[in-house]
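The values are calculated or read from the model by the stated rules, or taken from the named source; none is laboratory data. Remember, it's a predicted structure, so these values are computed and weren't measured experimentally. No Cβ is skipped: glycine too gets one built from the backbone with ideal geometry, and neighbour counts run over all protein chains shown. SASA here: full protein model, heavy atoms, side chains in, ligands and nucleic acids out. Shrake-Rupley method; radii C 1.70, N 1.55, O 1.52, S 1.80 Å.
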Amino acid sequence: MYADSEDPGFGVVPLQGILKLNLRAVLLCGQRLAVPLFMPALSPAGINRKVVYSLADSADGFFSVDSSSGIIVLEHPLDREQQSSYTLRVRATDQSPGRVLSSLATVSITVLDVNDNPPVFERRDYLVSVPEDTSPGTQVLAVFATSKDIGTNAEITYLIRSGNEQGKFRINPKTGGISVSEALDYELCRKFYLVVEAKDGGTPALSAVTTVGINLTDVNDNPPEFSQDVYSAVISEDALVGDSVILLIAEDADSQPNGQIRFSIVNGDRDNEFTVDPVLGLVKVKKKLDRERVSGYSLLIQAVDSGMPAMSSTATVNIDISDVNDNSPVFTPANATAVIQENKPVGTSVLQLMVTDKDSFHNGPPFSFSILSGNEEEAFVLDSDGILRSAVVFQHTESAEYVLHVQAKDSGKPQQVSHSYVRVRVIEESIHKPTAIPLEIFIVTMEDDFPGGVIGKIHATDQDVYDVLTFALKSEQKSLFKVNSHDGKIIALGGLDSGKYVLNVSVSDGRFQVPIDVVVHVEQLVPEMLQNTVTIRFENVSPEDFVGLHMHGFRRTLRNAVLTQKQDSLHIISIQPVVGTSELDMLFAVEMHSSEFYKPAYIIQKLSNSRRHLENAVRISAILEKNCSGLDCQEQHCEQGLSLDSHALMTYSTARISFVCPRFYRNVRCTCD
């Protein structure tokens, strides 16, 4: 019979058998149990039937037996984990006054388990170090807990109760193995404290907890970072060797020694004029600086950490060298000579002093000029721009030469000063008028697409050696054309219409003014011209020679050779050198009075018939409708496309004629006929 509780109450179990009986009483852990034993009567009657019970073995006092009832009583609480079973020997004795009879019975008692022992971890806490680059899935530690209970009560399940809010780890519920579940980063979190719980399988379950400390170890996975990508600094050119320029700041998120940074200059300091403290990052002057030699530096500074392998980053340090006024103004030339004609009006420009200063603008110009000596008669004035002007009307017979000692001061503080001597000769006034050659200009442009530019140059001379010629254009024509007053270059503004323009240009030597005939012809091309062009290729002639020596005569000869009627028009579209040779291409077309154009084949035929006559002035290399040289079309047809670049104007200027035309390009290909 089994007892159903460990309460202190008593249960009764009959004793079976006469001499010997093994019964198994299963007692629950921690309960107290009484087992009654009954012995059948062996004597017929009376006192011989009375049985007295006793324990031959009391199991160290854990059990007792009632002498009259035979009830086995549990005297002390049981603990299965200390002893899981007991064996009792019970003696039954009769009360015969004569011969006493007795028998023994063996009682086996098994103690059943109840869940009264929580799991116990093998350690109170765990500690492990893990590299931060440990791959997810890698086991870093295993915890282990046991229970003194058995069976289901001893089945342990593991879980992380706290400390894993970032989800970086997971635990195997059966084995207790803790592994990485997400990438770790030492720089974000260096330590984790996990509270791990072990639960048994009992009902209700018992549990225990332990602490798992996980320390991440640093891996060199972060390069140094400068506080700025680009630094700027200014230092005076008179800075002393060892003076500080700028302090660079760089940080490395890794721990030491991986995060220990060293600085160096890797580029931009060709002459080793700067140094950087490898530990502090302080840039200093290493050599004497000179802003006039180098006005600024762009240093590339590298920061390298101490990891293996090392990681690095760079920053740019722009250093401007501020100027100090350490350079005097320089006259060019060092001493000057000038002339002035007699009878020139007061205020006439005699000479422009040329002064430069290697220092920066605030230590250089504007310069202040003065005449220190040689001007006692106050015949000259020197203005703030360095222009020496006449203050009197000079006469050659009174004083033929002056030597002026002049001075120039810069704008620096303190000011730097330079001196020069100017020799001025007074000469006789101009007695010859300037002479100039009339200029005729031909401009060829696409329809309303003339970009403007220099179209020619006036050639003028004067027999008076010291005369300075100036050119001028009447103001009412300045909306379309300009003339450079110093060199006589004629500039046309954009958007010229076709037609003829007569410019009112003059040249003056200061006393005499002479008009110059300048005529400008503007011709606008139409697309039909390009489709009917013919090219004449000349030998050994430059564009300027052709324009200046041959163009008028050749145009006249060409008109006689190809024009059928007086109303026909000859259009020279462009001339340009053949690249890599001494040959010259002239592109032209012939227009009929009906505004249509002669076909190239017809013109080529007429040119071939007159070639000998045409070559009287300049030798012809070839007459081309299209230039397919070098292109082997075999049975196919050679097709030429012609394009003009009206914005790439070519100006061929001579003393008498100037020709302005667009650059042309040929594109040839083979096509099926």
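From Ser569, Ser582, grab the single residue that is touching a residue at least 12 places away in the same chain (Cβ under 8 Å), within 28 Å of Ser646 (Cβ to Cβ) and open to solvent by 60 Å² or more (accessible area, probe 1.4 Å). Break it down stepwise before answering.
Details: Ser569 fails: open to solvent by 60 Å² or more (accessible area, probe 1.4 Å).
The match here is Ser582.
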- Query: Of the residues Ile235, Ile214, which is more than 30 Å from Ser322 (Cβ to Cβ) and out of contact with any Lys or Arg (no Cβ under 6 Å at 6 or more places or on another chain)?
  - Reply: Ile214
- In segment 123-135, what residues are among the polar types (S, T, N, Q) and either open to solvent by 30 Å² or more (accessible area, probe 1.4 Å) or modelled with pLDDT of 95 or more (or both)? Ser129, Ser135
- In segment 493-535, what count of residues is obtained for those that are farther than 21 Å from Val444 by Cβ, part of a strand (DSSP E or B) and open to solvent by less than 50 Å² (accessible area, probe 1.4 Å)? 6
- Report yes if some residue within segment 117-139 is farther than 30 Å from Val180 by Cα and either in contact with an Asp or Glu (Cβ under 6 Å, 6 or more places away or on another chain) or not assigned by the TED database to the domain that holds Lys174 (or both); otherwise report no. yes
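Please enumerate the residues belonging to segment 470-485 that are open to solvent by 50 Å² or more (accessible area, probe 1.4 Å) and modelled with pLDDT of 90 or more.
Taking segment 470-485 as the starting set, the residues that turn out to be open to solvent by 50 Å² or more (accessible area, probe 1.4 Å) are 470, 474-476, 478-480, 482, 484.
Within segment 470-485, Thr470, Lys482, Asn484 qualify.
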- What tally of residues in segment 646-669 results from selecting those that are within 14 Å of Ala492 (Cβ to Cβ) and touching a helix residue (DSSP H, G or I) at 6+ places or on another chain (Cβ under 7 Å)? 1
- Message: Pull out all pairs, ordered by first then second residue, where Cβ-Cβ is under 8 Å, the residues are six or more apart or on different chains, the first lies in segment 367-386 and is within 15 Å of Val424 (Cα to Cα), and the second is among the basic types (Lys, Arg).
- Response: Phe380/Arg389; Val381/Arg389; Leu382/Arg389
- Task: Taking Ser479 as meeting all but one of (1) within 21 Å of Pro434 (Cβ to Cβ); (2) among the polar types (S, T, N, Q); (3) in a loop (DSSP other than H, G, I, E, B), write down the number of the exception.
- Result: (1)
- Task: Return the residue satisfying two criteria in turn: it lies in segment 136-151 and is open to solvent by 70 Å² or more (accessible area, probe 1.4 Å) and assigned to a loop (DSSP other than H, G, I, E, B), and of such residues it is farthest from Asn117 (Cα to Cα).
- Result: Pro136
- Would you pick out the residues in segment 152-165 that are under 51 Å from the mean Cα position of the chain (by Cα), in a loop (DSSP other than H, G, I, E, B) and surrounded by 14 or more Cβ atoms within 10 Å (Cβ to Cβ)? Gly163, Asn164
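Does Val426 satisfy the criteria of being touching a residue at least 40 places away in the same chain (Cβ under 8 Å) and within 17 Å of Ile371 (Cα to Cα)? So that I can check it myself, show each step before the final result.
Details: touching a residue at least 40 places away in the same chain (Cβ under 8 Å): yes; within 17 Å of Ile371 (Cα to Cα): no.
Taking the combined requirement at face value, the residue does not satisfy it.
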- Among the residues of segment 88-122, write down those that are charged (D, E, K, R) and open to solvent by less than 30 Å² (accessible area, probe 1.4 Å). Asp94
- Query: With Gly548, Gly488 as the choices, which residue is in contact with a His (Cβ under 8 Å, 6 or more places away or on another chain) and at pLDDT 90 or above?
  - Reply: Gly488
- Of the numbered conditions (1) under 31 Å from the mean Cα position of the chain (by Cα); (2) at pLDDT 90 or above; (3) of a type in the set (A, V, I, L, M, F, W, C), Leu188 fails exactly one; give the number of that condition. (2)
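Here are some residues: Ile171, Ile109. Which one is β-branched (Val, Ile, Thr), more than 30 Å from Asn48 (Cα to Cα) and under 50 Å from the mean Cα position of the chain (by Cα)? Walk me through how you get there before you give the answer.
Working: Ile109 fails: under 50 Å from the mean Cα position of the chain (by Cα).
Of Ile171, Ile109, the one residue that is β-branched (Val, Ile, Thr), more than 30 Å from Asn48 (Cα to Cα) and under 50 Å from the mean Cα position of the chain (by Cα) is Ile171.
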- Note on the structure: The residue that is surrounded by the fewest Cβ atoms within 10 Å (Cβ to Cβ), considering only those in segment 316-357 that are closer than 22 Å to Phe274 by Cβ and of a type in the set (D, E, K, R), is Asp320
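Considering each of Val590, Val562 in turn, give the residue that is surrounded by 12 or more Cβ atoms within 10 Å (Cβ to Cβ) and modelled with pLDDT of 90 or more.
Result of the check over Val590, Val562: Val590.
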- Select from segment 169-191 the residues that are over 15 Å from Gln139 (Cα atoms) and in contact with a strand residue (DSSP E or B) (Cβ under 6 Å, 6 or more places away or on another chain) and write down the one among them that is surrounded by the most Cβ atoms within 10 Å (Cβ to Cβ). Tyr186
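Could you count how many residues in segment 370-401 are part of a loop (DSSP other than H, G, I, E, B), under 60 Å from the mean Cα position of the chain (by Cα) and surrounded by fewer than 17 Cβ atoms within 10 Å (Cβ to Cβ)? It would help to see each step written out before you state the result.
Kept after step one, since they are part of a loop (DSSP other than H, G, I, E, B), are these residues of segment 370-401: 374-379, 383-386, 391-400.
Those still in the list that are under 60 Å from the mean Cα position of the chain (by Cα) too: 383-386.
From the residues that got through so far, the ones that are surrounded by fewer than 17 Cβ atoms within 10 Å (Cβ to Cβ) too are 383-385.
The total comes to 3.
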- May I ask you to verify whether Ser85 is at pLDDT below 95, exposed (fewer than 14 other Cβ atoms within 10 Å of the Cβ) and farther than 21 Å from Ala56 by Cα? no
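Of these, Asp449, Asp467, Asp410, which one is in contact with a Gly (Cβ under 8 Å, 6 or more places away or on another chain) and modelled with pLDDT under 85?
Working: Asp449 fails: in contact with a Gly (Cβ under 8 Å, 6 or more places away or on another chain); Asp410 fails: modelled with pLDDT under 85.
Unique residue meeting the criteria: Asp467.
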- Note on the structure: Residues of segment 402-432 being in a loop (DSSP other than H, G, I, E, B), open to solvent by 20 Å² or more (accessible area, probe 1.4 Å) and more than 28 Å from Asp359 (Cα to Cα), in sequence order, are Glu428, Glu429, Ile431, His432
- Message: Of all residues being of a type in the set (Asp, Glu) and in contact (Cβ under 8 Å) with a residue 60 or more places away in the chain in segment 190-229, which is nearest to Lys168 (Cα to Cα)? Just the residue, please.
- Response: Asp218
